[in-house]
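Chemist: Below is a structure I'd like to ask you about.
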Amino acid sequence: MAYPVSITVQPSLTGRNRLTTAFRVILAIPHAILVGGIGIGGGVRGDGTSTSVGEGGLLGAVAFFLAIISWFTIVFSGNHIVGIRQFTAFYLRWRVRALAYLMLLEDPYPPFGDAPYPASLELTEATLPRDRLSVGLRLILAIPHLIVYFFVLCAWMLTSIAAWFIILFTGSYPRGLYEFGVGALTWRIRVEAYVLLMVDEYPPFSLS
């Protein structure tokens with residue numbers, strides 16, 4: 001069965017905008033403040049909080065706080081408050097667009113908020129009844145992903161740096177590097193959605 005969190009990115013391999021690519025990190029700062037950057041600190045701190053989600057900018061901090069509230073409501077009542085789900089989905093959709101732009105997967109400047117963009121998130125409603133046991137142990141269950149994804153994230157940063165130079169000199173993004181970037185983005189968002197309690201299905205260890 002398909003995982004309930006999927007990312008669609010319209011390929012942008014040739015004819016890339018070299019000027020915006022050169023200044024991409026600077027141009028992405030407003031979005032990074034709101035929904036975070038790529039981050040290199042994926043993992044769990046000593047107090048049990050996830051650094052991967054904590055690097056989600058201002059809206060990400062709110063989403064993580066709301067996930068704490070949702071942890072209690074789901075564990076004790078099986079209920080995920082609709083308004084919280086809607087806000088978290090909004091944050092994740094925005095984050096997908098911002099990361100796709102920051103990591104050179106797309107050239108158009110992402111919208112602030114919800115609007116059409118070549119990179120998008122599709123999130124299926126959580127299966128009912130919610131799995132209270134997996135919600136209760138969610139941060140512990142996510143640790144293997146946070147450990148493995150740290151190395152995927154390091155590789156993604158290195159391939160993106162290589163792609164930055166290649167785009168500046170050739171105007172093209174090599175397909176192999178591009179597909180790896182899309183896979184790394186998909187993996188990251190699936191883990192974040194899992195940690196933020198949007199889904200109960202365990203994320204696959206996969207770039208596809």
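Chemist: Could you identify the single residue in Val135, Val96 that is among the β-branched types (Val, Ile, Thr), within 22 Å of Ser172 (Cα to Cα) and in contact (Cβ under 8 Å) with a residue 40 or more places away in the chain?
Modeler: Val96
Chemist: I've got another one for you. Can you pull out the residues in region 99-117 that are more than 22 Å from Phe165 (Cα to Cα) and either without any contact (Cβ under 8 Å) to a residue 12 or more places away in the chain or under 12 Å from the mean Cα position of the chain (by Cα) (or both)?
Modeler: Selection gives Ala115, Pro116.
Chemist: For residues that are farther than 28 Å from Arg130 by Cβ, part of a loop (DSSP other than H, G, I, E, B) and either modelled with pLDDT under 95 or polar (S, T, N, Q) (or both), tally how many sit in region 167-206.
Modeler: 1
Chemist: Taking into account only those residues within region 118-132 that are loosely packed, with under 14 Cβ neighbours inside 10 Å and of a type outside the set (A, V, I, L, M, F, W, C), which is nearest to the chain's Cα centre (by Cα)?
Modeler: Here the residue is Glu122.
Chemist: Same structure again: Among the residues of region 12-37, which ones are in a loop (DSSP other than H, G, I, E, B) and out of contact with any Lys or Arg (no Cβ under 8 Å at 6 or more places or on another chain)?
Modeler: Within region 12-37, Ser12, Thr14, Gly15, Arg16, Asn17, Phe23, Ala28, Gly37 meet the criteria.
Chemist: Another question about this same structure. If the Cβ limit is 6 Å and pairs must be 6+ apart or interchain, which residue in region 142-153 that is buried (at least 20 other Cβ atoms within 10 Å of the Cβ) pairs with which residue that is modelled with pLDDT of 95 or more and in a helix (DSSP H, G or I)?
Modeler: Here the result reads Ala142/Val195; His145/Val191, each pair linking region 142-153 to a residue that is modelled with pLDDT of 95 or more and in a helix (DSSP H, G or I).
Chemist: Residue under question is Leu158, and the condition is that it be surrounded by fewer than 12 Cβ atoms within 10 Å (Cβ to Cβ), assigned to a loop (DSSP other than H, G, I, E, B) and of a type in the set (A, V, I, L, M); does it hold?
Modeler: no
The values are calculated or read from the model by the stated rules, or taken from the named source; none is laboratory data. Values in this document were obtained by computation on a predicted structure and should not be read as measured data. We place every Cβ from the backbone using ideal geometry, glycine too, and count neighbours over all the protein chains shown.
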